[in-house]
Amino acid sequence: MGEFKVQRLGTIMEPEPGNAMEAQGVLNPGAVRGPDGHLYLFPRMVAEGNYSRIGIARVLFNDAGDPTGVERLGVVLEPEADYELRPGGGGGCEDPRVSYVEVLKHYVMTYVAFGPNGPRIAVARSTDLFKWEKVGLVSFTPYKGLEFQGIDNKDSCVFSEEILSPAGDKQFAIVHRPLFPGTTPEELAQQPDDREIDDHRESIWISYHPLDHNKDIVIKDAKFTSHYHLATPVAEWEKLKIGCGAPPVMTQHGWMMIYHGVSVADGQGDEKQRLTYSAGVMILSKDDPRNILYRSPRPIMKPDLPEEHVGLIANVVFPTGIDHRTDIGMPNRFDIYYGMADDRIGVARLDVPDELPVG
């Protein structure tokens, strides 16, 4: 059996000297191929006061096809709506994930709107990647008495195709991880090692939104009406929290989702500095992504480089973008774009094996 092999390709983007919009870092980018075939990144650009915008940059490649740098092209989203603005002048459009959704004929961006009530999932859409229309905040109906509305929610991405819902039909779907009170990594790190994991409140969820195929298909209210809890923490490297990373992409084995897990780090520091963010792989069934066919028993990426250990928040590898390298004739190669210590952006090459590992 094969293994998922990862090779670091280096730092692709770091704060630009003298650029006030990047004074506190560039990190956690969305990544997607545009209509012109070029690869575009959508980095979170952090100014003083934790004021975050979402930029756009074209990725540059060498003759071997490896990414080597970026060309900055401007800003596509900045805090303007009331749900993105905080009292006192702060605000945030953060941590975008971008997918082209064929049935909608649009690129769909999920991002964190950091407004007066805390972090919430918001959606924007585009046909060309340069002009974006804000759709608004995502809303959820309750699930068996579990209320998603009014809960902090940061990690989200969408499937590029409609997938099978719990009702048995195909629907538009979002992956997310609500941060219910008491379930942040900092809070769980204070709990005993043998604590009982809450299967619902600590899970990655898939939620579904029906589309009316008899009308022009658009995302109007972004309201998700049915839900399925996909995965809870299992391994030690993800024990404090799991959440989606890059959007699911199709492979020969099924949907591949790069996700992140949080564990306690060695060493000193405040609550955040004592955490380690790593990345793993889930393979979900092509026919019904609620079925997990494979899940990393160990991280495929953990903080190893100095740039991943030292930054605004230490010991962070945080994947948010993925690029399928069919453009250079390598169907088993995927490039992962990820935040490095909440300060800069790295890229790594992931080679998917012909057969899934056992265990």
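Summary table below
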| read-out | value |
| --- | --- |
| The chain - share of DSSP beta bridges that are antiparallel (%, nearest 5) | 95 |
| Order by protection proxy (mean Cβ within 10 Å, highest first), peptides 302-308, 61-67, 30-36 | 30-36, 302-308, 61-67 |
| Value of [θ]222 nm, deg cm²/dmol, for the chain, DSSP H segments ≥ 4, -39500 (n - 2.57) each, nearest 500 | -500 deg cm²/dmol |
| Contour minus Cα-Cα distance for residue 62 and residue 195 (0.36 nm per residue) | 43.0 nm |
| Most fluctuating residue given options 264, 316, 108, as computed from a GNM of the chain linking Cα atoms under 10 Å | 264 |
| Dipole-positive endmost among 336, 316, 282 within segment 279-359 (Cβ charges, Cα centre) | 282 |
| Order of exposure, largest accessible area first, which applies to 97, 195 with probe 1.4 Å | 195, 97 |
| Gaussian network model of the chain, springs between alpha carbon atoms under 10 Å - residue of 250, 330, 301 with greatest fluctuation | 330 |
| Chain lengthening between residue 23 and residue 304 when straightened (0.36 nm per residue, less Cα-Cα) | 98.7 nm |
| Of 92, 49, 346, the one that fluctuates the most in a GNM where the chain has Cα springs shorter than 10 Å | 49 |
| DSSP bridge pairs, segment 261-359: antiparallel proportion in percent, nearest 5 | 95 |
| Long pairs among 134/170; 5/154; 170/223; 5/241; 134/223; 154/239, criterion Cα-Cα beyond 21 Å | 134/170; 5/154; 5/241 |
| Estimated dipole of the chain in Debye, rounded to 20 [Cβ of Lys and Arg +1, of Asp and Glu -1, Cα centre] | 520 |
| Paramagnetic reach from residue 117 in segment 177-202 [backbone N under 16 Å; point 7 Å along Cα→Cβ] | 178-181 |
| Matching label, Cα extents along the principal axes in Å computed from the structure shown, candidates (i) 114, 60, 49; (ii) 58, 44, 37; (iii) 53, 50, 50 | (iii) |
| Length released on extending from residue 48 to residue 355, taking residue separation times 0.36 nm less the Cα-Cα span | 105.8 nm |
| Nearest-10 value in Å² for the accessible area of residue 38, using the 1.4 Å probe | 80 |
| Computed E for residue 326/residue 290 - FRET, C-beta separation, R0 30 angstrom, nearest 0.05 | 0.65 |
| Euclidean distance of C-alpha centroids, segment 34-50 and segment 127-190, integer Å | 21 |
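The values are calculated or read from the model by the stated rules, or taken from the named source; none is laboratory data. Note that the structure is predicted; figures quoted are calculated from it, not measured. All Cβ positions, glycine included, derive from the backbone under ideal geometry; neighbour counts span all protein chains shown. Only protein heavy atoms, including side chains, enter the accessible area calculation; ligands, DNA and RNA are left aside. Shrake-Rupley method; radii C 1.70, N 1.55, O 1.52, S 1.80 Å.
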